[in-house]
């Protein structure tokens, strides 16, 4: 049975605090705002989008494992797990569809410890630094990739 056109949006630690946490870096949009924008972009392209957020790496890994054979693609903002959570990287490697990494801010323009991503090597691409629009661009990148590959 073919998979439905579904995207899983995975959000890592502290993203539940968007809208109030460091608005000078992350803006004032809440996680719900970002999910709504991404969902709207997905629906416009004929996809559905399910979202999940956790502050626990093990819960993120379990959700990624569960996504196998259920989702066409994964879009992930791993938050601080970007830089060291090899278990998340390994889980994404076991997923058989495209993965797009997204970030609200641009990690490359921030502290040096943020410059390394353990997710980027298993993703088809990374979109960073465009605020809420990063999530919309992530959906668009997934749709484009799936339509052309």
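The values are calculated or read from the model by the stated rules, or taken from the named source; none is laboratory data. Since we're looking at a predicted model, the values are computed, not measured. Counting neighbours? That spans all protein chains shown, and the Cβs are built from the backbone with ideal geometry, glycine included.
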| task | Could you tell me which of the residues 57, 73, 80 is under 19 Å from residue 120 (Cβ atoms) and within 12 Å of the chain's Cα centre (by Cα)? | result | 73
| message | As an exercise: evaluate residue 66 against (1) touching a strand residue (DSSP E or B) at 6+ places or on another chain (Cβ under 8 Å); (2) at pLDDT 95 or above and give the number of the one condition it does not meet. | response | (1)
| field | Matching residues, segment 37-62, being in a helix (DSSP H, G or I) and surrounded by fewer than 16 Cβ atoms within 10 Å (Cβ to Cβ) | value | 40, 43, 44, 58, 59, 62
| Can we say residue 87 is free of Cβ contacts under 8 Å to residues at least 60 places away in the same chain, out of contact with any helix residue (DSSP H, G or I) (no Cβ under 6 Å at 6 or more places or on another chain) and within 21 Å of residue 14 (Cβ to Cβ)? | no
| residue 118 versus (1) under 15 Å from the mean Cα position of the chain (by Cα); (2) farther than 22 Å from residue 30 by Cβ; (3) at pLDDT 95 or above; (4) not in a helix (DSSP H, G or I): which is the lone unmet condition? | (3)
